[in-house]
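> Structure below; questions to follow.
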Amino acid sequence: MKPRIELIYFQGCPHVDAARMALREALTSVGMPLEWTEWDRDADATPDALRAHGSPTVLVDGRDVVPAQSDGNCCRVYPGPDGVQAAPSVASICSALAAIGINTEEDQC
């Protein structure tokens, strides 16, 4: 079963490219296609429930890969080894994939 992977952002977010890079690396490391849905929080087609997330947010099957209190009116930062980083880590994306049964052996992620 293919997971639903979503990236939520707003136009001009300085961190969205870092989130895309982390997604690419995580999906490549587990042998999944580089496919996800991107939602611009301000676009008319974006579901209301997704507008509550800060930018960037990565969801795997509807769950935030780094759970946090949602606040759609801000840029998000994430915990990192040296303080904060601009996007969720590859490891956090891999952990979210593992939680839904995607094989993420330690040497892959």
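> Compute, for residue 42, the solvent-accessible surface of its heavy atoms (probe 1.4 Å) with the complete set of protein chains present, and express it in square angstrom to the nearest 10.
Around 110 Å² of this residue is reachable by solvent.
> Over the chain, with a single point scatterer placed on each C-alpha, what log10 of the ratio I(q)/I(0) does the Debye formula yield at q = 0.16, 0.19, 0.21 1/Å?
Results for the chain at q = 0.16, 0.19, 0.21 Å⁻¹ read -0.66, -0.93, -1.12.
> So, for the range 36-97, what is the accessible surface per residue at a probe of 1.4 Å, expressed in square angstrom?
52 Å²
> Assuming R0 = 35 Å, what is the FRET efficiency of residue 11 and residue 91, from their Cβ-Cβ distance, to the nearest 0.05?
According to the calculation, E is roughly 0.80.
> For residue 18 and residue 82, calculate 0.36 nm times their separation in residues minus their Cα-Cα distance, and state this gained length in nm to one decimal.
Full extension of this stretch gives 21.4 nm more.
> Leaving ligands, DNA and RNA out of it, rank 21, 1, 32 by accessible area with a 1.4 Å probe, largest first. Intermediate values should be presented prior to the final figure.
On the way: 21 120, 1 210, 32 35 Å².
Highest to lowest solvent-accessible surface, that is 1, 21, 32.
> Give a residue-ordered list of calculated ³J(HN,Hα) values for the range 48-59 (Karplus: 6.51 cos²θ - 1.76 cosθ + 1.60, θ = phi - 60°; whole Hz; x for Gly, Pro).
Running phi through 6.51 cos²θ - 1.76 cosθ + 1.60 with θ = phi - 60° gives 3, 4, 7, 5, 7, 8, x, 10, x, 10, 10, 10 Hz.
> Treat each spin label as a single point 7 Å out from the Cα along the C-beta direction, and report the residue 37 to residue 74 distance in nm.
2.7 nm
> Helix-derived [θ] at 222 nm for the chain: sum -39500 (n - 2.57) over DSSP H runs of at least 4, divide by residue count, nearest 500?
-7000 deg cm²/dmol
The values are calculated or read from the model by the stated rules, or taken from the named source; none is laboratory data. Since this is a predicted model, take the numbers as computed values, not measurements. In this analysis, Cβ positions are derived from the backbone assuming ideal geometry, glycine residues included, and neighbour counts consider all displayed protein chains. In case anyone asks, the SASA skips ligands and DNA or RNA and just uses the protein heavy atoms, side chains included. Shrake-Rupley method; radii C 1.70, N 1.55, O 1.52, S 1.80 Å.
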